[in-house]
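Undergrad: Please read through the structure below; I'll follow up with questions.
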Amino acid sequence: MTKPEINSTKDTQNTLRDRRSFLKKSTLATLSTLLGAEIVHAVSMPRGYVPVALEQGFDPMKGKSEGMIIRNEKPWNVEPAPHLLNDPITPFASIFIRNNGLIPEDVDAANWTLTIGGESVVKEKTYTLDELKKKFKSYSYQLVLECGGNGRAGFYPPASGNQWEEGAVYNSEWTGVRLKDVLADVGIKSDAVYVGYYGKDKHLNGDPNKVVISRGVPLAKAMQDETLLAWALNGTDIPLAHGYPLRLVCGGWPASASGKWLHKLVVRNQVHDGEKMMGDSYRVPKYPVAPGDTVPDEDMKIIESMPVRSIITYPKSGAMFGTSKKLTIQGHAWAGEHQVKEMQVSTDFGATWLKCILKKPVNRLAWQQWTVELGFPQAGYYEIWAKATDDQGISQPMVMPGWNPKGYLNNACHRIAVKVS
Ligand SMILES: Nc1nc2c(c(=O)[nH]1)N[C@H]1C(S)=C(S)[C@@H](COP(=O)(O)O)O[C@H]1N2
Ligand SMILES: [Mo]
C-alpha cells in the first residue's frame, strides 16, 4: 500500500484554485502534452473542461490511489479508492470510516444495553443486547450507506469538511432486528413523529457530557422493514469503527442517520433537535442558491433520501491498455429510496451514451450492479463517464449539482481516465 495522503488543508485548496484556472485556459496541445496522449474525443470536449486525469491528486500513470485515503486523522476518517469497491457486497477492509468524535475504547458488549425513551414512548424501556437478539426476529439486508458529503471534493469553490471523492459509500449486509418490532414492544404514543439516536463515542474536546452527534429519522422511515438495530455486518460482529456492538441502520439516507455504538433511542413528538440536526449540518437550501450565498436557517431542509448516483469500480482510473482490448466496465448504482432504472456510459464527454446491463437490487435499498463492454479502437486519452437514472426519471448531473454551504449531495457523474496505446 502506498503512503496515505492528507488533503484537507487551505494550502491544498489554494494550489487547486491556481492549477484549475491554468488548466481551464490551456490549449488542447498543452492538455495533450500534460496528459501524455492525444484526447481522442477532443471535438466533444466542452471548452474550459479540466480533464479528470489532471484533477487534484491524480497521477494519470498510476490511478487515483492504491488503497485507503486518509481524509482526517482526528477524528479518524478514511476513504477507499473506487476500484476497491468492486465487490457487490463491500468487504470490511474497503468500507469508508466517518467519525465525528472519538471511537469508544471501552466497549463491553456483554453488558451493552439499549434504552428506548423520549416523550412519545408509553414507558421507557431498556433491553440488553441478548434480549434484543432473543425476543425479536432477525433479518438481513444489503443496505447502501453513503455519507451526505460524499463527492464534496468536487464542489467549486471548495466546501469545508472531509474532502470525500467517490468512495464515502458502501453496500454491506447488515443483520439485526427491525426497529418497528422493537418500537411496537415498547409502545409509542400517537403524537410520535421522529426517532433520534445517541451513541457512545466521545467528543473531540474530551468533555464526557458533550454529545458528538445525535441525528435520526422521521417515524415513517423508522418503521420501514429495512430499518434495523443491527449487531452484525457481513455475517460477523460489526467492526468497532462501524459501531460495535449495536448500530441503527437506515439505508438510502445520509449515513449520518445511522447511529454507531447505539445505546439510546428517543421517540420524539417533534423533529429531533439533537447535535448536528440544525444549521448547516446535513441540511441543504430548499431552493437553488449562488455559490457562497448565506442561506437563512428557515430556508434550509434536512437531507432525507440520497440522490441517484453511480460509481465505476473497474477499471481503475489511470488504467492503460492496447487498442485491441475490449473492456468490460463494471460498477454499482443506487438512488436512495428509489430504484435505478437505467445506466449509461459515455466515452466522448457526454456527447453520446451507451446503455449498460443493469441488475435489479437483491433487496430494497441495496445497490445495483452494472456492466458494459467497450472497445477503444484509436490510441489516446479517453474518459469514461457513468450516469444513472432512477425510477422517477431523474438522472445524475454530468458535471456539478447545485452548490450548498457544506458541500452535500454531489451526485455528479463519476468520471475516470484511461489511456489506450
Ligand atoms: N455515533 C456516531 N454515529 C455516526 C457517526 C458518528 O460520528 N458517531 N458518524 C455518522 C456519519 S456522518 C456517517 S457518514 C456514518 C459513517 O459510517 P461508517 O463509519 O460505518 O462508514 O456514520 C454515522 N454515524
Ligand atoms: Mo457523514
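The values are calculated or read from the model by the stated rules, or taken from the named source; none is laboratory data. For clarity, every value in this text was computed on a predicted model and none was experimentally measured. Every residue, glycine among them, receives a Cβ derived from its backbone with ideal geometry; neighbour counts consider all protein chains shown. Only protein heavy atoms, including side chains, enter the accessible area calculation; ligands, DNA and RNA are left aside. Shrake-Rupley method; radii C 1.70, N 1.55, O 1.52, S 1.80 Å.
Undergrad: Taking the DSSP beta bridges in the chain as the whole, what percent of them are antiparallel, to the nearest 5?
TA: The antiparallel proportion sits near 90 percent.
Undergrad: Still on this model: Using every alpha carbon pair in region 140-239, what percent of pairs falls into each 5 Å bin from 0 up to the bin containing the largest distance?
TA: All Cα pairs, binned at 5 Å, distribute as 2, 10, 13, 16, 19, 19, 13, 5, 2, 0 percent.
Undergrad: Considering the chain, what Rg and Dmax in Å follow from its alpha-carbon atoms?
TA: Expressed in Å, the Cα Rg and Dmax of the chain come to 22.2, 72.
Undergrad: Now a separate question. Between their Cα atoms, which of Lys189/Lys360; Lys326/Lys359; Lys221/Lys316; Lys326/Lys387; Lys135/Lys202 are more than 27 Å away from each other?
TA: Lys189/Lys360; Lys221/Lys316; Lys135/Lys202
Undergrad: Give me the dipole magnitude in Debye, nearest 20, for the chain about the Cα centre, with unit charges on the beta carbon: positive for Lys and Arg, negative for Asp and Glu.
TA: 460
Undergrad: Calculate what fraction, in whole %, of the accessible area of the chain sits on carbon and sulfur atoms when a 1.4 Å probe is rolled over the protein chains.
TA: Its accessible area is 52 percent carbon and sulfur atoms.
Undergrad: Between Val193 and Ala29, what's the calculated FRET efficiency when r is the beta-carbon distance and R0 is 60 Å? Round to 0.05.
TA: 0.50
Undergrad: Can I ask one more? Heavy-atom accessible area of Tyr49 with all protein chains present, probe 1.4 Å, nearest 10 Å²?
TA: Estimated to the nearest 10 Å², Tyr49 gives 20 Å².
Undergrad: Compute and list, largest first, the equivalent-ellipsoid semi-axes of region 92-302 from the alpha carbon gyration tensor, each √(5λ) rounded to a whole angstrom.
TA: Each semi-axis is √(5λ); the values are 28, 21, 16 Å.
Undergrad: Can you tell me the equivalent ellipsoid semi-axes for region 306-420? Use √(5λ) from the Cα gyration tensor, largest first, whole Å.
TA: They are 25, 17, 11 Å, listed largest first.
Undergrad: Then there is this: Please tell me the relative contact order of the chain in percent, rounded to the nearest whole number, where contacts are Cα pairs under 8 Å and at least six residues apart.
TA: Computed over the chain, the figure is 18 percent.
Undergrad: Just name one of Ser256, Pro288, Leu219: the one whose Cα is farthest towards the positive end of the charge dipole of region 92-302 (beta-carbon charges, Lys/Arg +1, Asp/Glu -1).
TA: Selected residue: Leu219.
Undergrad: Another question, if that's okay. Taking only protein heavy atoms into account and a 1.4 Å probe, give the accessible area per residue of region 306-420 in Å².
TA: With all protein chains present, region 306-420 gives 37 Å² per residue.
Undergrad: What does the charge dipole of region 92-302 about its Cα centre add up to, to the nearest 20 debye, if the Cβ of each Lys and Arg holds +1 and the Cβ of each Asp and Glu holds -1?
TA: 440
Undergrad: Separate question: Accessible area per residue of region 102-153 at 1.4 Å probe, in Å²?
TA: Roughly 48 Å² per residue, with all protein chains present.
Undergrad: Let me ask something else about it. Rounded to the nearest Å, what's the spacing between the alpha carbon centres of region 180-237 and region 357-400? Just the number, please.
TA: 33
Undergrad: Would you work out which of Trp353, Ala110, Leu84 lies farthest towards the positive end of the dipole of the chain? Charges go on Cβ: Lys and Arg +1, Asp and Glu -1.
TA: Value: Trp353.
Undergrad: If packing is taken as the average number of other Cβ atoms within 10 Å across a peptide's residues, how do 23-33, 304-314 rank, most packed first?
TA: So the order, starting with the most tightly packed, is 304-314, 23-33.
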